[in-house]
Every structure is written in structure tokens, then in C-alpha cells.
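Peer 1: Below is one structure. I have some questions about it.
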Amino acid sequence: MTLALTRADLLIALFPIVQVLWVAAFGACVGSLLNVLVYRLPLGLDVVTPSSRCPNCETKLTWRENIPIFGWLMLRGRCRFCRSPISAEYPIVEAFTAVLWAAVFVVLYADQGRFLGIPVGRLGPDWGQGQFTWTWPSLVVVLALFSCLIAVTLIDARTFHIPLSLLIVPVVIALAAHPLHALWVHIKIPSGRLPRVAAGWEWTIATPGPHGWRWIGAAIGGTVGLVISNLLLWKGLIKRSFADYDDWLKTLPATATTAQPHSTADAAPADSPEMWTQYPHARREMFRELIFLAPAIGLAMVGTWAAFAYAGPWKPNPVTISTDPTKIAPLWLSVLSGVLLGYLIGGGVVWAMRIAGSLAFGKEALGLGDVHLMAAVGACLGWIDSTLAFFGAAFVGVAWAILGRLFSGVFRRHMPFGPYLAIATVLVWFSKPGIAHLLTLLSKARPPLALP
Ligand SMILES: [Zn+2]
């Protein structure tokens, strides 16, 4: 009897390890999928078929060789048939994804900051903390986003181009998962709320809250405006910016050799990924982008006004000395608006900097790919995380430049902005309590600030 008990105790003690190994194994499999995407998306190849094979001799991989990490180790990094080397990048990406997934899981669900009795400190947001049963849909959103960020980082660093198809995936998952999760929690938990979220917040991302009608109106109005702009673009009623970029590129070699024969060494070659910085009409194109954004900005204002009209009389609140509407917003609507606001603000901050920078310097500053990237981050993690990550990305860039001074090799590479944004997003997520503490110190806020 005593023996059986200790065995049961042992099983209970080992359970977290088994859980984390499962999460890591799933992560490794997703890492394997990311390898396929990183290789095939820039080449415009089909992502689903054909099955994985040696790029040199086209020999198909067996199911054993397809096992993440171990398949590569079994082959010792060479094709079974033609012996040509297989890049170590594949197992490294798989291992990195596995570790990142496991780290997210441990940070969220380590109870009271302890995992297997080891104090792992308080990293990450408050909403996990031993309540996997009620929060797993939000975990799925975080893991989907971080996985896409890994692929975006690798593709952008190599090609200076971010495939938008990769960023649509986390946006669609966030749009579906967050509101449905909220609806489910509201029905199943008697209080109608998650048991644990950061103080002052009601969800796993920043949301407008039960009285935030003006933000709900702005989120819905702005989103409708974006849909209208895209329809106009699709119908050809407004023009895409940089539409004549390819035509301009074709005229280039002639002008570069005849007009300025001595300056060709300074100019980037026509096939360089940096070529877009030479495009001369960046200022003009920004006005085109402002026209595209006008319906979103206008309808966000209309939405705010409509919210005032809908939510009924706004009563003065004696505690906050502000006025609150008498009508309470349902949780699912508040959370849906949080996702939309995250998308609009996340992308909007980058877009505003792009327009301001391009108008100021006369060359394209920040790509539209970066706008889509931070819009996806905002949709998944909320507007606070995406805004912090955007400004944090500059520090990541500085850190990379310092590494480039200290070391050679990969750190010397000239990098686009996308990877900095992706790295900053992950760092922000993993340092929520630290950032909240810092913001509290800087603003001298009482009570202390908390991040969702
Ligand atoms: Zn081969």
C-alpha cells in the first residue's frame, strides 16, 4: 500500500514533465512545418504537396527521417541516397520551436511561479497560473502567433519580404478564438469571467472593458472602413501604392549608367533587396496610402459617435470622476473589439511611422509587411503588446548592431525590420511583470500598473 502511494506520488510529480514534453513534441512538429514554409513560400511552391524530399536527388524522406530533430540526427545531416548535406537549419528551427513552445507553457502554467518545485520566477502574463482548463484557447493563439513569427523572421531576413499569407493565419485564429473563448467562459464559469487576470483587466489581451463603448464603436467602425478600402482597391476605384514600382525598376539600368556614371558604385544593384530605398516617388505614394486609410479613420469616428448614441445616458462615476454609460457591454463583444483594436492600433502605429518617415526622408520607411506583422501581433496579443514591441524593436536593432561589432558572421548581416519586431514581440510577452514594474516606477502610478 505504501509502495503504491509513493508510485502515485511519483506519477503526480512527473505529470508536469510529461505535459511539457508533449508540448515540446508538438512544437517540434510545427517547427518541421515551418521549415517547409520557409523553404517553399518564397519560391512560390505548393506548401502541401509534394512530400518532403532531398532537394538534390528528389529522394523522398521516409516517415522515420521525417521525425523532427531525430530524423536529421539519424541521417547525420546527409541524404540517405546521394549523401549531399542537409542544412542544420532544419533541426535547429525544430528544436527552437519546441523550446519556445515549452517555455510559453511553463511560464503560463507554473503555479505561483514554481515549476516542479523550482522557482522559475514570475515571467509572462498573469492569466495562466495553473488554470489551463480555462485558458488553453488563448495559449493556442500565442503559440500560433509565435510560430508564424519564427517563419516570418527567417523569410524576411533572407528575402527582405514578408509573405502576407503567413500573417493571415494568426489573425484569423485570434478573431475566432478570442471571442469564442470569451463566450464559453461567460457561459461555463458562474462569475462569467476568467478567475485570474491582471488587475484592472478582464481578459488575456487588452480589451475596452464593460463600459468601453466608445472603443467598441471605434474598433468596429475602423474595421468596416478597412474592408471598404480593400473593396475599392479590389474594384480598381482607388490605386495601390507603389503600383508603378516594377516599371520604374525596368527603366533603371539605363539611367544609372548614362546619367550618373560615377555614382553606380553607391547605388544598390537592381536585384538588391535594398533597391526600394532608391524609388523616387515615395512621398507621392504616401498620399495614395492616406486615401486608402481615410475610410477607416472616418468610420472609426462615426463608430465612436454611434456608440454614444447606442449605449444610453452616460452617468458620472463618483470614484473615477469620469462618466460611464449605463449599458454594460457583453464580454464577447468587448473581447472581439480588443482583437480588432489590437489589429488597427498594432498596424496603425507602424503605418503612421511609415507615412511620417517617408514624407520626411523622401524614401520608403518601414515596409507594408511590417504593418501587417504588427497588425497580426495586435490581433493576437492586444494593442499594448504590439505598441510596446514596436518601440522595443529599435532596442533589439541596437543590440544586434552591438553584437555585429563584437562578433562576425551572422550578426554582421544587414537586417530588415521584421525580425526585430518579431524578437521584440516575444521579449515583451516574456517580460510583462518586469515592464509593468518599470512603467509603475516611471509613472509613479498608485496602485501599481498591471499588463494583461
Ligand atoms: Zn539526395
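The values are calculated or read from the model by the stated rules, or taken from the named source; none is laboratory data. What you see is a predicted model; the values in this text were computed from it and never measured. Glycine gets a Cβ as well: all are built from the backbone with ideal geometry, and neighbour counts include every protein chain shown. The accessibility values were calculated without ligands, DNA or RNA, using every heavy atom of the protein model including side chains. Shrake-Rupley method; radii C 1.70, N 1.55, O 1.52, S 1.80 Å.
Peer 1: Could you list, in sequence order, all residues of segment 75-103 that are open to solvent by less than 40 Å² (accessible area, probe 1.4 Å) and at positive phi?
Peer 2: GLY77
Peer 1: For GLY124, indicate whether it is surrounded by 16 or more Cβ atoms within 10 Å (Cβ to Cβ) and at positive phi.
Peer 2: The answer is yes for GLY124.
Peer 1: Counting only residues that are within 16 Å of the ligand (Cβ to nearest atom) and hydrophobic (A, V, I, L, M, F, W, C), how many does segment 89-102 have?
Peer 2: Adding up the residues that qualify gives 0.
Peer 1: Which members of segment 75-88 meet the condition of being of a type in the set (A, V, I, L, M) and within 14 Å of the ligand (Cβ to nearest atom)?
Peer 2: LEU75, ILE86
Peer 1: If you don't mind, another one. Please count how many residues of segment 23-41 are away from the ligand (no atom under 16 Å from the Cβ) and open to solvent by 70 Å² or more (accessible area, probe 1.4 Å).
Peer 2: 3
Peer 1: Considering only segment 340-369, state which residues are among the hydroxyl-bearing types (Ser, Thr, Tyr) and touching a Ser or Thr at 6+ places or on another chain (Cβ under 8 Å).
Peer 2: Scanning segment 340-369 gives a single hit, TYR343.
Peer 1: Is it the case that segment 42-64 has a residue that's away from the ligand (no atom under 16 Å from the Cβ) and surrounded by 18 or more Cβ atoms within 10 Å (Cβ to Cβ)?
Peer 2: no
Peer 1: Name, by its number, the condition in (1) open to solvent by less than 20 Å² (accessible area, probe 1.4 Å); (2) closer than 19 Å to ALA352 by Cα that does not hold for HIS372.
Peer 2: The number of the failed condition is (1).
Peer 1: Also, quick follow-up: I'd like to check something: does segment 63-72 contain any residue that is over 24 Å from VAL30 (Cβ atoms) and either assigned to a helix (DSSP H, G or I) or over 34 Å from the mean Cα position of the chain (by Cα) (or both)?
Peer 2: no
Peer 1: Could you grab me the full set of residues in segment 321-368 that are touching a helix residue (DSSP H, G or I) at 6+ places or on another chain (Cβ under 6 Å), part of a helix (DSSP H, G or I) and more than 30 Å from VAL185 (Cβ to Cβ)?
Peer 2: Matches in segment 321-368: VAL350, TRP351, ILE355, SER358, LEU359.
Peer 1: While we're here: Would you mind finding the one in GLY392, GLY348, GLY409, GLY382 that is out of contact with any Asp or Glu (no Cβ under 9 Å at 6 or more places or on another chain) and surrounded by fewer than 17 Cβ atoms within 10 Å (Cβ to Cβ)?
Peer 2: Result: GLY409 is the single residue among GLY392, GLY348, GLY409, GLY382 that is out of contact with any Asp or Glu (no Cβ under 9 Å at 6 or more places or on another chain) and surrounded by fewer than 17 Cβ atoms within 10 Å (Cβ to Cβ).
Peer 1: Please go through segment 354-369 and give me each residue that is at pLDDT 90 or above, open to solvent by less than 40 Å² (accessible area, probe 1.4 Å) and hydrophobic (A, V, I, L, M, F, W, C), ordered by number.
Peer 2: Within segment 354-369, ILE355 is the sole residue that qualifies.
Peer 1: In addition: For the subset of segment 65-74 comprising residues that are touching a residue at least 24 places away in the same chain (Cβ under 8 Å) and more than 16 Å from the ligand (Cβ to nearest atom), which member is surrounded by the most Cβ atoms within 10 Å (Cβ to Cβ)?
Peer 2: PRO68
Peer 1: Residues to consider are ILE228, ILE220, ILE162; find the one that is surrounded by 14 or more Cβ atoms within 10 Å (Cβ to Cβ), hydrophobic (A, V, I, L, M, F, W, C) and farther than 23 Å from LEU336 by Cβ.
Peer 2: Among ILE228, ILE220, ILE162, only ILE162 is surrounded by 14 or more Cβ atoms within 10 Å (Cβ to Cβ), hydrophobic (A, V, I, L, M, F, W, C) and farther than 23 Å from LEU336 by Cβ.
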